[in-house]
Amino acid sequence: MTTSERTFFAASPDHSSLPRPVRRPRRLRRCPAIRGLVRETVLPPEQLVLPLFLIEGTGAREPIEAMPGCARLSVDLAVDECARAIDLGVSAFDLFPALDPTLKDPAATAAVDPDNLVCRALRALREAHADAYLITDVALDPYSSMGHDGLVAPDGEILNDDTVDVLAAMSVLHAEAGADMVAPSDMMDGRVAAIRAALDAAGHTHTAILSYTAKYASSFYGPFREALDSAPADAPNVPGDKKTYQMDPANAREALVEAALDEQEGADILMVKPGLPYLDVIARLRAATNLPIAAYHVSGEYAMIKAAARLGWLDERACLTESLLAIARAGADVIFTYAALDYARWYREGR
Ligand code: PBG
């Protein structure tokens, strides 16, 4: 013992007279078998959704720099990717089109073209994989030269009700092309009710709605906007961010207001997005609703782990697994993640 250690122990109270603990939580951590028996959260690959970025062409694969392991795929390669995923136990897919810039315009016209990239992909995937569960993103940003989820008025206002009409029409097109579920990610008010009414009127009563209920104006979407080239346009009278419709990261109670509205309007599943920075919101929604809850482990969350792993600073497998498990523990039933296939492989291999 050094002198300072000796002084420390001399100054410490004598614990020998204290009773030994009877409750020893460590008993249940002694080996993998007992840890497995008492594990509170399990996350099988069936609860994951794999987002897919689509491009025109055949045999086309464009890696996305800020999202290592992810690529934009032409429809034929997306069909192959789904086959691999289904094999691994991941059967749900969320489709995002990366449109050629020449097809984007201020009115997001291509969004309601029944032969657009998403509709063609839906038909091909439906035909190739009858059992796949096909989800589509419903928002205008991939189609808008303004890079916003809604229509932009000349004064820069993001128009709510006009946008909702387009989203409802889009949803019906997606259902007709084979979508099982539409996922409005735009944060316009009243869109869930309008989409439900439009789907029902067109006879698509089986088409479900997963609403992005609490979608935050987050900086963690950066790599995704690179993937779709969908960042808000740098132009006069075009807002440079999405803060007038996506939620303020400072707010949690407001998520409960959104959840009550979406539930009333007929949403089947409520989504919180991003994931890890908003675990408290997931937990609060879990307590407030009996609907299933989804969470989106977004592009930036994925990219952070990939980048740190490349530098040798984090263990990719361990950190991705822990992240997804934490999101499930907070209360999410469904998780959207770019790591779905890796996770499914790891899950199979066993922890
Ligand atoms: C847009 C949309 C976004 C994401 C999903 N849908 C980006 C945005 O709101 O700007 C982000 C997903 C991710 O970052 O992984 N409708």
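Sorted on the mean count of surrounding Cβ atoms within 10 Å across their residues, most packed first, peptides 152-164, 74-86, 275-287 read 275-287, 74-86, 152-164.
The packing ranking, built from the mean of other Cβ atoms within 10 Å per residue, places the peptides 263-269, 173-179 in the order 173-179, 263-269, highest first.
Based on Cα contacts under 8 Å between residues 6+ apart, region 256-351 shows a relative contact order of 30 percent. Ordering ALA340, ILE269, ASN116 by the projection of their Cα atoms onto the charge dipole of the chain, which places +1 on the Cβ of Lys and Arg and -1 on the Cβ of Asp and Glu, puts ALA340 at the extreme positive end. Of the residues SER211, SER185, SER16, the one that moves most in a GNM of the chain with alpha-carbon contacts below 10 Å is SER16. The ALA33 and ALA318 beta-carbon pair, evaluated with R₀ = 30 Å, returns a calculated FRET efficiency of approximately 0.90. Dipole of the chain computed with +1 at Lys/Arg Cβ and -1 at Asp/Glu Cβ about the Cα centre; of MET247, ILE282, ALA83, farthest Cα towards the positive end is ILE282.
Going Cα to Cα from LYS242, which lysines come in below 20 Å? Please leave out same-chain ones fewer than 8 positions away. Straight-distance partners of LYS242: LYS104, LYS215, LYS273. One quarter of the surface of the convex hull around the alpha-carbon atoms of region 43-349 equals 14.8 nm², the direction-averaged projected area.
In a simple Cβ point-charge model (Lys, Arg +1; Asp, Glu -1; nothing else charged), region 43-349 has a dipole of about 820 debye relative to its Cα centre. To check you understand DSSP bridge types, tell me what percent of the beta bridges within region 43-349 (both residues inside) are antiparallel, rounded to 5. Beta bridges within region 43-349, antiparallel portion: roughly 10 percent.
Calculated FRET efficiency, ALA197 and VAL22, Cβ-Cβ r, R0 56 Å, to nearest 0.05? Efficiency for this residue pair is about 0.40.
So what's the back-of-envelope 222 nm ellipticity for the chain, counting only DSSP H runs of four-plus at -39500 (n - 2.57) apiece and dividing by all residues, rounded to 500? Taken over the chain, the calculation gives -12000 deg cm²/dmol.
Every number in this text was worked out from the coordinates using simple rules, so none of it is lab data. All figures in this text were calculated on a predicted structure; none of them were measured in a lab. Ideal geometry is used to build each Cβ from the backbone, glycine not excepted, and the neighbour counts take in all protein chains shown.
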